[in-house]
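Reviewing the structure listed below.
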Amino acid sequence: MTLLSKNARVAGLIYLVGSLVAVVRLIYIPDTLIVSDNATATVNNITTHELLFRFGILSQLVTGALWIFVTLALYRLFKAVNQGLAVLMVILGSLMVTPIFFMNSVNDAAALLFARGGEFLSTFDKPQRDAFAMLFLRLHHYGDLANEIFWGLWLLPFGLLVYRSRFLPRILGAWLMIACFAYLALSVSGFLFPAYEDKVINYTEPVLIAEVAIMLWLIIMGAKEERLAAAS
């Protein structure tokens, strides 16, 4: 195994781990515990499965930390292709994304505090506490929508690097760049046209699996050293 291929597999593995951890709070927790437009049912789910909800908060913190290492591993892989694009990829993919992950964990912590109640919250009755808990969960969702801008933008320099690298298939680079605009569409629809957000998700899903494709390619296939040599 060449050094280039080893770097590709390491980057792909960290990418995969970071994505799997992210799925816990981004997909599993909302599908399992959060009931749309029903604060009481949502709070009951959170208090009944409090450990799971707390694990979701932890997974979000771990995701934010891991994404720094994901982009740094990809930087090491692509810096010889174009250092400027590689730096931009790190900035958009971790330095902008990670703080929002951490701030969103505070929204979840606030939702949990209202869900559990306590002496210092005794001035609020339960329906009010439930409403506040749902409010912070909604703020979390809007935090995710804001983060989707950077989840998309970082794919543009990433896709360009893949496309120019010659040691990875160009189709993956093009696919990633298209996924950039799919994430931007998700963010814009969530803020401007929330009623159509689910429809946009359904339309963009085939494009968004570009990230699954690239991480699996990096892990399984690695990188072709001879293509890089030929390009130079």
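General observations
- Any hit, region 67-87, residues being aromatic (Phe, Trp, Tyr), closer than 23 Å to residue 146 by Cα and more than 12 Å from the chain's Cα centre (by Cα): yes
- In region 1-36, the residues that are open to solvent by 50 Å² or more (accessible area, probe 1.4 Å) and either basic (Lys, Arg) or more than 24 Å from the chain's Cα centre (by Cα) (or both): 1, 2, 3, 6, 9
- Tabulated pairs, region 151-172, first touching a residue at least 24 places away in the same chain (Cβ under 8 Å) and aliphatic (A, V, I, L, M), second surrounded by fewer than 23 Cβ atoms within 10 Å (Cβ to Cβ) and part of a loop (DSSP other than H, G, I, E, B), C-beta under 6 angstrom, 6+ apart or interchain: 161/81
- The residue that is farthest from residue 217 (Cα to Cα), among those in region 148-169 that are open to solvent by 10 Å² or more (accessible area, probe 1.4 Å) and of a type in the set (A, V, I, L, M), is 149.
- Any hit, region 90-104, residues being within 20 Å of residue 43 (Cα to Cα) and either of a type outside the set (Lys, Arg) or at pLDDT 95 or above (or both): yes
- Test: residue in region 97-113 that is within 20 Å of residue 160 (Cα to Cα), under 21 Å from the mean Cα position of the chain (by Cα), in contact (Cβ under 8 Å) with a residue 24 or more places away in the chain and surrounded by 14 or more Cβ atoms within 10 Å (Cβ to Cβ): yes
- Each residue in region 115-132 was checked for being of a type in the set (A, V, I, L, M, F, W, C) and either touching a residue at least 40 places away in the same chain (Cβ under 8 Å) or open to solvent by less than 20 Å² (accessible area, probe 1.4 Å) (or both), and 3 pass.
- A search for C-beta distances below 6 Å between a residue of region 183-202 that is free of Cβ contacts under 8 Å to residues at least 12 places away in the same chain and any residue that is surrounded by fewer than 15 Cβ atoms within 10 Å (Cβ to Cβ), counting only pairs 6+ apart in sequence or on different chains, returns 189/196.
- The number of residues in region 175-191 being more than 16 Å from residue 206 (Cβ to Cβ), open to solvent by less than 10 Å² (accessible area, probe 1.4 Å) and of a type outside the set (S, T, N, Q) comes to 1.
- Residue among 179, 195 that alone is part of a helix (DSSP H, G or I) and at pLDDT below 95: 195
- Selected residue [open to solvent by 30 Å² or more (accessible area, probe 1.4 Å), in a helix (DSSP H, G or I) and under 25 Å from residue 64 (Cα atoms)] from 172, 135, 145: 135
Quick grid of which residues meet (1) in contact with a Leu (Cβ under 9 Å, 6 or more places away or on another chain); (2) acidic (Asp, Glu):
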{"position": "52", "(1), (2)": "yes, no"}
{"position": "66", "(1), (2)": "no, no"}
{"position": "71", "(1), (2)": "yes, no"}
{"position": "77", "(1), (2)": "yes, no"}
{"position": "106", "(1), (2)": "no, no"}
{"position": "119", "(1), (2)": "no, yes"}
{"position": "140", "(1), (2)": "no, no"}
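- Qualifying helices (runs of 4 or more DSSP H) (wholly inside region 1-71; at least 3 residues being among the β-branched types (Val, Ile, Thr)): 3-23, 39-48
The values are calculated or read from the model by the stated rules, or taken from the named source; none is laboratory data. Source: prediction; values computed, not measured. Counting neighbours? That spans all protein chains shown, and the Cβs are built from the backbone with ideal geometry, glycine included. With ligands, DNA and RNA removed, areas are computed over all heavy atoms of the protein, side chains included. Shrake-Rupley method; radii C 1.70, N 1.55, O 1.52, S 1.80 Å.
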